[in-house]
Amino acid sequence: MLIVPLLMTILGAAAGSFAALAAERTLRGEGLVFDRSRCRSCKTTLGPADLVPLISFAALRGRCRHCGAPIPPALWQAELAGALFGGAAALSAPDPGRALLLAGWCWALLALAVADLRRFRLPDALMIPAALLGLGLALAGDGTGWPAWDQRLAWALIGATSGLGAFWALRVVYRWRTGRDGMGMGDVLLAGVLGLALGPDRLPMAVLLGALTALVLAGLRAGRRRRPLTRLGRVPFGASLAMAGAAVALFPAFVQFGTMP
């Protein structure tokens, strides 16, 4: 039946918009629930017609209807990504409950990706929900009841420890060799969050995919600015890593990995 994927896609569009909003307000230290959305330029409170980025962005030609200031494209991009995550989760999960849990974890990763792209930050306020949803996803399993929940918990903790340990070691070694930080603690914690949900078997694929994506994007950015990669500056690796983790979770058929013991 296509009704569940359709509903999840619609819900995902709203969730993607909320993820972008959560990232922006967390970075600015603003309230998330009770504060009304406003234009960043003229501070006018936005109405319901302005809060559907995929529609309002096109209808207003990417500008505020009140002052004409450009609307950040990240809003409609996050809404589109959220919709895709919702539909993909509905198609890949064994039942609607697990689909919602999987999509929720991907939406949390989306909020982290937006924050990293905007300010090179992965706030704890967004990391904690992603970790909790990732743990819930690991404990929920695939619906067969196998293996037992305690084994699923152990596998999740091994994955989290693997991610944290490997990235922390990379951070320490880079600091020792160069005298500067090449990776923030947010990236280390994110690796642990991905390992918690994906386990130690799928985590390497997420890291590889994230690294390749970041390298390609950095190369394109360097080419556009006509600079060598060594002089490009900071790269939002956390965003690439978060989206790679979501892709590995949503499209398991394209990922070859071992079997949980």
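Only one of the listed residues (Leu122, Leu126, Leu112) is part of a loop (DSSP other than H, G, I, E, B), surrounded by 19 or more Cβ atoms within 10 Å (Cβ to Cβ) and at pLDDT 95 or above. That residue is Leu122. When you look at Gly192, is it on the phi > 0 side of the Ramachandran plot and either surrounded by fewer than 17 Cβ atoms within 10 Å (Cβ to Cβ) or touching a residue at least 12 places away in the same chain (Cβ under 8 Å) (or both), yes or no? When the stated conditions are applied, Gly192 does not pass them. Among the residues of the stretch 25-44, some residue qualifies, meaning at least one is at pLDDT 75 or above, surrounded by 16 or more Cβ atoms within 10 Å (Cβ to Cβ) and out of contact with any helix residue (DSSP H, G or I) (no Cβ under 7 Å at 6 or more places or on another chain).
Taking the criterion of being over 15 Å from Ala93 (Cβ atoms) and β-branched (Val, Ile, Thr), the residues of the stretch 112-146 that qualify are Val114, Ile128. Of the residues Ala74, Ala78, Ala69, the single one that is buried (at least 21 other Cβ atoms within 10 Å of the Cβ) and either of a type outside the set (Asp, Glu) or free of Cβ contacts under 8 Å to residues at least 12 places away in the same chain (or both) is Ala78. Within the stretch 142-151, not a single residue is in contact with a helix residue (DSSP H, G or I) (Cβ under 7 Å, 6 or more places away or on another chain) and crowded, with 17+ Cβ neighbours inside 10 Å. The criterion of at least 1 residues that are at pLDDT 90 or above and of a type in the set (Lys, Arg) is met by the following helices (runs of 4 or more DSSP H) wholly inside the stretch 146-261: 149-178, 185-225. A search for C-beta distances below 8 Å between a residue of the stretch 203-223 that is closer than 17 Å to Ala249 by Cα and any residue that is among the β-branched types (Val, Ile, Thr) and not in a helix (DSSP H, G or I), counting only pairs 6+ apart in sequence or on different chains, returns Met205/Val255. Is it fair to say Leu132 is free of Cβ contacts under 8 Å to residues at least 12 places away in the same chain, surrounded by fewer than 14 Cβ atoms within 10 Å (Cβ to Cβ) and either part of a loop (DSSP other than H, G, I, E, B) or of a type in the set (A, V, I, L, M) (or both)? The answer is no for Leu132. Among the conditions (1) closer than 23 Å to Ile158 by Cβ; (2) under 14 Å from the mean Cα position of the chain (by Cα), the only one that Ala111 does not satisfy is (1).
The values are calculated or read from the model by the stated rules, or taken from the named source; none is laboratory data. This one's a predicted model, so the numbers in the text were calculated from it and none came from an experiment. Methodologically, a virtual Cβ is constructed for each residue, glycine included, from the backbone with ideal geometry; neighbour enumeration extends over all protein chains shown.
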